[in-house]
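Okay, structure first, notes after.
The values are calculated or read from the model by the stated rules, or taken from the named source; none is laboratory data. Only a predicted model underlies this, so the values are computations on that prediction, with no experimental measurement involved. Every residue, glycine as well, gets a Cβ built from its backbone with ideal geometry; the counts of neighbours run over all protein chains shown. Surface areas here come from the heavy atoms of the whole protein model, side chains and all, with no ligands, DNA or RNA. Shrake-Rupley method; radii C 1.70, N 1.55, O 1.52, S 1.80 Å.
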Amino acid sequence: MRNFFALSIACVVLVSCPGASAFPSIVWSGIQDIDTGYLQMDLNQDSISDFLYTFALMTEFSVTSQGANRTGGPLSAGTVIDQSLSDYWQSGSQTMVQWIRLLDDNTVSFGPWAGVGNGYMGLEFEADGQTYYGWARITADYDDIYVVVHEWAYESIPGVGIAAGATGVIPEPATATLICIGGLGLALWKRRKVIL
């Protein structure tokens, strides 16, 4: 019975705190959906640009890593971004995708993001002599030729990796409620099984 009440209290706290951070060390931008042709990304808000995203004249999407920072992509959701991706990282300026519109109005594309659509870009950046890891979720649309930087996040503990897409936020209240109902059901089932 004591376990049942403890679980009930935990569920009430979980449901009443939507948007609470499950991993407070992850710094998440929230949904931004930036479709401008020029974005200076300052991940840790230290007034120093970490990455520069450019989308030139509907023909080329490129990323320039500032200083010793590095990037690459695309990655799938859940891929752990850390030092183990040593062969993956690229520095300097890179063309992620280039589109060429043909005379018959068809489009061809080249580069690592060609034909990907929506994916995650791994980010490695330096601050105060420490290395941090993060991600940016990007859509590079093939048919309509546009680029949107949807959101980004980084792990604020130096040297610790982050999963692509991790925001550190507890699921929205509806999901949390379903989890709680399932947990309460299991607690009741276990209690009933013990009584029988």
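How many residues are surrounded by fewer than 18 Cβ atoms within 10 Å (Cβ to Cβ) and either aromatic (Phe, Trp, Tyr) or touching a His at 6+ places or on another chain (Cβ under 8 Å) (or both) when one looks only at region 50-82?
Qualifying residue count, region 50-82: 0.
Cβ-Cβ under 6 Å, sequence separation 6+ or interchain: first residue in region 141-152 and over 14 Å from Asn106 (Cα atoms) and modelled with pLDDT of 80 or more, partner open to solvent by less than 40 Å² (accessible area, probe 1.4 Å) and assigned to a loop (DSSP other than H, G, I, E, B). Which pairs?
So the pair list comes out as Glu151/Ser29; Trp152/Ser29.
Taking region 135-161 on its own, how many of its residues are of a type in the set (Phe, Trp, Tyr) and open to solvent by less than 30 Å² (accessible area, probe 1.4 Å)?
2
Under the condition of being under 25 Å from Ile26 (Cβ atoms) and outside any strand (DSSP E or B), which residue from region 100-134 is most open to solvent (accessible area, probe 1.4 Å)?
Asp128
From the list Asp82, Asp104, pick out the single residue that is of a type outside the set (A, V, I, L, M, F, W, C) and at pLDDT below 85.
After ruling out the rest, the residue left standing is Asp104.
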